[in-house]
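K.L.:
Got a structure here, written out as structure tokens. Questions coming.
The values are calculated or read from the model by the stated rules, or taken from the named source; none is laboratory data. If you're wondering where the values come from, they're calculated on a predicted model, not measured in any experiment. Glycine gets a Cβ as well: all are built from the backbone with ideal geometry, and neighbour counts include every protein chain shown.
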Amino acid sequence: MKGLPPLIWLQAFEAAARTMSFTAAGQELGVTQAAISQRIRLLEDRLGQKLFVRHPRSLSLTPAGQAWLPSVLEAFSRLAEGTAEVFGPRPDAPVTLRTTPVMQQNWLAPRLLAFHRLHPMVAVRLVSAIWPEDFGPEGADLEIRYGSGDWAGMETVSLGEEAMVPACAPEVAARLEAPSDLAGETLLHAAGFAVGWPTWLERAGIAGVEDDCPTLICDTQVMTLTLAAAGGGVALTHRRLVESRDDLVQPFALSVESAERFWLVRPANRQPREAAEALWDWLSDRLDPSPS
């Protein structure tokens, strides 16, 4: 682009600013320390300002270098994301699957092991995501997301309808004969779900009982289920996640349907690699609660 310094100069600056070492930057880019130093000097001459302060045994960024670095990092990040979005990862790269920790542990793990037994040479890389902004077409071949399924530019397959149910350890369930017995029990909340404890308690006819209950709020269902299994309270979670565990029980039959659900997701405008297509087909064929 007109007016921009050469890309190799920008790469030298980004690597040196990130590592704070011309030597480390050279090793990363496959050139000598002298080559990095020369590229930085040429870049500084082009910009008309120093970017680094050269100390006897170290480097530091000048105010101008500190101010410019975020823009350079963002530019390289966006370039990498755009390349992956359009062209996908290199053919021999592992199939990257991104989803929440709770889905990895409770739904995905047995299915992934079965897939691996049939396709031992397909490398799969799991990436954890918690919040909606952690997801996106960049950097992943497949995702399992939670929501309404209306993501632009994405192909989606529903994992099935979702219902929220209380779950707790058997010893806690032994003292819960009716929903009203929840008064005084610790309620474990997982943030970020449309259906939470207030909705379930209202449907059970005991709205407001949460005001009489100790509360623990977690940012993942993994933690709420861990606490519940340890006897630390009652979690409200997806029914499919309870059914796959033997350390948790449902103390009540009442479940509350949710408009949100889990979805198998991949970019619609990218030609999937053969290995990624194999994993997509495998998971698509095993969307029932119990893996085969």
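K.L.:
Tell me yes or no: at least one residue of the range 249-262 is over 22 Å from residue 183 (Cβ atoms), assigned by TED's automatic domain parsing to the domain that holds residue 195, crowded, with 20+ Cβ neighbours inside 10 Å and in contact (Cβ under 8 Å) with a residue 24 or more places away in the chain. Step through it out loud before you land on a result.
P.N.:
Let us first name the residues in the range 249-262 that are over 22 Å from residue 183 (Cβ atoms), namely 257-262.
Restricting the remaining residues to those that are assigned by TED's automatic domain parsing to the domain that holds residue 195 gives 257-262.
Cutting the leftovers down to crowded, with 20+ Cβ neighbours inside 10 Å gives us 262.
With the extra rule that they be in contact (Cβ under 8 Å) with a residue 24 or more places away in the chain, the set shrinks to 262.
Taking every residue of the range 249-262 in turn, at least one turns out to be over 22 Å from residue 183 (Cβ atoms), assigned by TED's automatic domain parsing to the domain that holds residue 195, crowded, with 20+ Cβ neighbours inside 10 Å and in contact (Cβ under 8 Å) with a residue 24 or more places away in the chain.
K.L.:
Moving to a separate point now. Could you please find all residues in the range 100-117 being without any contact (Cβ under 8 Å) to a residue 60 or more places away in the chain, closer than 16 Å to residue 275 by Cα, among the aliphatic types (A, V, I, L, M) and surrounded by fewer than 16 Cβ atoms within 10 Å (Cβ to Cβ)?
P.N.:
Answer for the range 100-117, where residues must be without any contact (Cβ under 8 Å) to a residue 60 or more places away in the chain, closer than 16 Å to residue 275 by Cα, among the aliphatic types (A, V, I, L, M) and surrounded by fewer than 16 Cβ atoms within 10 Å (Cβ to Cβ): just 113.
K.L.:
Could you tell me which of the residues 58, 71 is under 27 Å from the mean Cα position of the chain (by Cα) and surrounded by fewer than 12 Cβ atoms within 10 Å (Cβ to Cβ)?
P.N.:
It is 71.
K.L.:
Being farther than 25 Å from residue 262 by Cβ and outside any strand (DSSP E or B), is that true of even one residue in the range 152-166?
P.N.:
no
K.L.:
Identify all residues within the range 167-186 that are of a type outside the set (A, V, I, L, M, F, W, C) and either part of a helix (DSSP H, G or I) or surrounded by 11 or more Cβ atoms within 10 Å (Cβ to Cβ) (or both); write none if there are none.
P.N.:
Those that are of a type outside the set (A, V, I, L, M, F, W, C) and either part of a helix (DSSP H, G or I) or surrounded by 11 or more Cβ atoms within 10 Å (Cβ to Cβ) (or both): 170, 171, 179, 180, 181, 185, 186.
K.L.:
Still on this structure, please answer the following. Check 207, 228 and return the single one that is of a type in the set (A, V, I, L, M, F, W, C) and surrounded by 17 or more Cβ atoms within 10 Å (Cβ to Cβ). I'd like the intermediate steps shown before the answer.
P.N.:
On the way: 207 fails: surrounded by 17 or more Cβ atoms within 10 Å (Cβ to Cβ).
None of the others qualify; the one that does is 228.
K.L.:
Report those strands (runs of 3 or more DSSP E) wholly inside the range 1-111 carrying at least 1 residues which are β-branched (Val, Ile, Thr) and in the same structural domain as residue 222 (by TED's automatic domain parsing).
P.N.:
Where strands (runs of 3 or more DSSP E) fall fully within the range 1-111 and carry at least 1 residues being β-branched (Val, Ile, Thr) and in the same structural domain as residue 222 (by TED's automatic domain parsing), they are 95-99.
K.L.:
So which residues in the range 1-32 are in contact with a strand residue (DSSP E or B) (Cβ under 7 Å, 6 or more places away or on another chain), closer than 16 Å to residue 68 by Cα and surrounded by fewer than 20 Cβ atoms within 10 Å (Cβ to Cβ)?
P.N.:
20
K.L.:
State whether the residues of the range 23-41 include one that is farther than 18 Å from residue 76 by Cβ and of a type in the set (Val, Ile, Thr).
P.N.:
yes
K.L.:
Take the range 193-214 and flag every residue that is touching a Gly at 6+ places or on another chain (Cβ under 9 Å) and not hydrophobic (A, V, I, L, M, F, W, C).
P.N.:
Of everything in the range 193-214, those that are touching a Gly at 6+ places or on another chain (Cβ under 9 Å) and not hydrophobic (A, V, I, L, M, F, W, C) turn out to be 198, 202, 212, 214.
K.L.:
Which one of the conditions (1) in a loop (DSSP other than H, G, I, E, B); (2) touching a Cys at 6+ places or on another chain (Cβ under 9 Å) does residue 252 fail to meet, given that it meets all the rest?
P.N.:
With respect to (1) in a loop (DSSP other than H, G, I, E, B); (2) touching a Cys at 6+ places or on another chain (Cβ under 9 Å), residue 252 is out only on (2).
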